[in-house]
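Sharing a structure with you now.
The values are calculated or read from the model by the stated rules, or taken from the named source; none is laboratory data. A quick note: this is a predicted structure, and the numbers were derived from the prediction, not measured. Every residue, glycine among them, receives a Cβ derived from its backbone with ideal geometry; neighbour counts consider all protein chains shown. Areas reflect the complete protein model, heavy atoms only, side chains present, ligands, DNA and RNA absent. Shrake-Rupley method; radii C 1.70, N 1.55, O 1.52, S 1.80 Å.
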Amino acid sequence: MKLEVRQPVRTRGRLITFEGGEGVGKSTQVKRLASGLREQGVDVLETREPGGSPGAEAIRTLLLDPDLKGWPPMAEALLHFAARSDHMVRVIEPALAAGTWVLCDRFTDSTMAYQGVTQGLGTSIIEQLSALTLKGRRPDLTIVLDLDPEVGLRRVATRGEDRNRYELMDLEFHRRLREAYLMIVRSDPARCVVVDASYSVDDVEEQISALVSGRLEARLAG
Ligand code: TMP
């Protein structure tokens, strides 16, 4: 299916976030959607969290370093939101204001799923931190790539890269994480959609293209 999106002239851009556990293929799909949108003449910024701005990338190094042995969950959540605040103010908001569509590999739902639910900090703390940091800004669309964590972790292992602190957590952690993401989707179906990431990269790309055309076109027109 061909990706078709009309970019309205001089209106605010759209924020599309990609979420899911380890090895689900988010980064590949961000790239694929970005190139599909660019072919349609849409200005696109690809970015990621934690990171996306120089300050947030510095915080990312602190968060992912396996040698640091982790942070207390509250400190960890605050670091993620500190990085997000810098990324929002310096990169995402200016891009959206200029009419650029921002595709972000992970966003607040990652903090909800990893720190809020799976690491047990609690959903209400994440909601409060999110309200303070984002002041009501939400993604226009969140694509949650869903995959059996055993398959995802196998994919990560075959990449041959050093594994970050989260990727080194056990299978039970990643099973709970998957459930946390599905809970997030159930709680906000207008914004979030699940895509089955067990299909081929091309098939997943096609599903995402159809979703973006359908969901965002309808919203833009309405
Ligand atoms: P990734 O960019 O390779 O997905 O790695 C980022 C890691 O950080 C990933 O394992 C998930 C984790 N993470 C959180 O725990 N909370 C967050 O808020 C974000 C954005 C990422």
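Expressed in nm to one decimal, what extension gain is obtained for the pair ASP65 and THR123 from 0.36 nm per residue of sequence separation less their Cα-Cα distance?
Taking ASP65 through THR123 to full extension adds about 18.4 nm, to one decimal.
Here is a further query. If you average the C-alpha positions of the range 77-131 and of the range 140-213 separately, how far apart do those two centres end up, in angstrom?
Here the answer is 17 Å between Cα centres.
Rounded to a whole number, what % of the accessible area of the chain do carbon and sulfur atoms account for, probe 1.4 Å?
After summing per-atom areas, the C and S share lands at 53 percent.
Right, something else. Leaving ligands, DNA and RNA out of it, rank TYR166, TYR199 by accessible area with a 1.4 Å probe, largest first.
Output order, biggest surface exposure first: TYR199, TYR166.
I've got another one for you. Give the cross-link partners of LYS135 among the lysines, using a straight C-alpha distance below 27 Å as the criterion and excluding same-chain residues fewer than 8 apart.
LYS26
Can you tally the net charge around HIS80? Count Lys and Arg as +1, Asp and Glu as -1, for every other residue whose Cβ sits under 12 Å from the Cβ of HIS80.
Here the count lands on -1.
Ordering LEU168, LEU129, LEU62 by accessible area with a probe of 1.4 Å, largest first, what comes out?
Per-residue accessible area, sorted high to low, gives LEU168, LEU62, LEU129.
Now for a separate question. For THR133, tell me the accessible area in Å² from a 1.4 Å probe, rounded to the nearest 10.
30
Under 17 Å from a point 7 Å along the Cα-to-Cβ line of ALA190: which residues of the range 111-149 have their amide N that close?
136-143
Whenever you get a sec, line up VAL156, VAL91 from highest to lowest accessible area (probe 1.4 Å, protein heavy atoms).
VAL91, VAL156
Not counting ligands, DNA or RNA, and with a 1.4 Å probe, what is PHE173's accessible surface area in Å² rounded to the nearest 10?
We get 10 Å² for PHE173.
Quick one: grab the alpha carbon gyration tensor of the range 72-222, order the square roots of its eigenvalues as a ≥ b ≥ c, and give me rounded if a/c is under 1.5, else prolate or oblate depending on whether a/b is larger than b/c.
Verdict is oblate for the range 72-222.
What's the FRET efficiency of ASP202 with GLU4 using the Cβ-Cβ distance as r and R₀ = 25 Å, to the nearest 0.05?
That pair, ASP202 with GLU4, gives E of 0.90.
Okay, next question. For the chain, what is the charge dipole size about the Cα centre, in debye to the nearest 20, if Lys and Arg each add +1 at the Cβ and Asp and Glu each add -1 at the Cβ?
With Lys and Arg at +1 and Asp and Glu at -1, about 700 debye.
Another question about this same structure. Need the full-extension length gain, GLU39 to ALA131, defined as separation in residues times 0.36 nm minus the C-alpha distance. One decimal, nm.
Here the answer is 29.6 nm.
Could you work out which residue, out of LEU171, LEU103, LEU153, moves most in a Gaussian network model of the chain, that is, has the largest mean-square fluctuation with Cα springs under 10 Å?
LEU171
Which cross-chain or sequence-distant (5 or more) residues have an amide H under 5 Å from the amide H of TRP101, H modelled 1.01 Å from N in plane?
ARG14, ASP43, VAL44, LEU45
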